[in-house]
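Asks: Structure in structure tokens, see below.
The values are calculated or read from the model by the stated rules, or taken from the named source; none is laboratory data. Note that the coordinates shown come from a computational prediction; the quantities given were computed from them, not determined experimentally. Please note: Cβ atoms are built from the backbone with ideal geometry, for glycine as well, and neighbour counts cover all protein chains shown. Accessible surface is based on the protein model in full, side chains and every heavy atom, while ligands, DNA and RNA are left aside. Shrake-Rupley method; radii C 1.70, N 1.55, O 1.52, S 1.80 Å.
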Amino acid sequence: MNNRFEKWMPWLIVVTGITAYINGLPGPFVFDDEVTVGGVKGLIHWWPFRPGCRTLVDLTFVVNHALTGGSPSGYRAVNILLHIVAALFLYGFVRRSLILPRWKGLLSNPEAAALAGVTALCWLVHPIQTESVTYISQRYEVVMGLLCLAVMYSFVRAEQSARPRLWINTGLAACLLGMASKETMVMVPVVLLLYDLTFISGDFLTLIRRRWRIHLAFLSTWGVLAA
């Protein structure tokens with residue numbers, strides 16, 4: 001394998017995602033889509049602003065309605081886009097996880113890219129994902145999943161970057177936004193801590209010594225839900 005494969009894999013993910021889901025665009029609203037979208041339309045002229053646990057996704061529905069009107073295909077197109085971006089974050093996270101020092105060079109960069117690409121593609125087009133993409137009301141889950149993967153990617157990227165603070169701050173921003181997307185985001189700071197313990201630090205004392213402030217900052221994002 002050569003580096004060209006590594007460069008083309010993100011494009012393959014994008015093209016595959018579009019090809020797999022574009023035929024679902026013309027579908028009608030299903031289940032409680034009309035209730036969800038109808039309820040969010042009322043937020044377009046809200047005042048005063050009253051945030052809730054899913055405010056960020058509600059805002060995406062508002063912007064979506066302003067740009068594309070009430071067409072189901074407009075909402076569904078955004079769901080497809082978000083799902084593809086999530087797959088790209090998954091690809092980046094897995095690829096960088098496979099070249100961490102703990103693996104002692106077991107895989108080359110192209111090999112890690114190939115394995116990560118296959119993982120992301122299987123996740124992207126798995127039939128169980130159809131509901132998250134074509135069922136418009138599932139955007140809460142799609143956005144939360146995207147931001148979860150963005151947190152994980154930013155964390156492992158910080159470990160391999162000359163500017164780790166930038167990536168840690170990016171991850172914290174994604175975690176805060178995720179807490180304002182869906183309540184299940186609550187598990188991400190714990191998953192991040194376990195990932196660090198298992199794949200980077202190797203033991204709890206090293207984790208505490210090197211990154212206790214970072215993990216405390218991620219855990220503090222629970223305050224968004226508490227508020």
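Asks: Output the residues belonging to the range 4-28 that are modelled with pLDDT of 80 or more and aromatic (Phe, Trp, Tyr).
Replies: The answer is Trp8, Trp11, Tyr21.
For (1) modelled with pLDDT of 85 or more; (2) under 16 Å from the mean Cα position of the chain (by Cα), each residue gets a yes or a no:
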| residue | (1), (2) |
| --- | --- |
| Pro101 | yes, no |
| Gly105 | no, no |
| Leu115 | yes, no |
| Thr119 | yes, yes |
| Pro127 | yes, no |
| Glu131 | yes, no |
| Thr134 | yes, no |
| Arg139 | yes, yes |
| Val143 | yes, yes |
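Asks: For Ala227, indicate whether it is under 20 Å from Leu59 (Cα atoms), exposed (fewer than 14 other Cβ atoms within 10 Å of the Cβ) and more than 14 Å from the chain's Cα centre (by Cα).
Replies: yes
Residue by residue, here is whether (1) modelled with pLDDT under 90; (2) surrounded by fewer than 19 Cβ atoms within 10 Å (Cβ to Cβ) holds:
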position	(1), (2)
His45	yes, yes
Pro48	yes, yes
Gly52	yes, yes
Leu56	yes, no
Ala66	yes, yes
Ile80	no, no
Ile84	no, no
Phe93	no, no
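Asks: Which ones in the range 153-175 are open to solvent by less than 40 Å² (accessible area, probe 1.4 Å) and out of contact with any Gly (no Cβ under 8 Å at 6 or more places or on another chain)?
Replies: Narrowing the range 153-175 to residues open to solvent by less than 40 Å² (accessible area, probe 1.4 Å): 153-156, 158, 161, 168, 171-172, 174-175.
Within the range 153-175, Val156, Ser161, Ile168, Gly171, Leu172, Ala174, Cys175 qualify.
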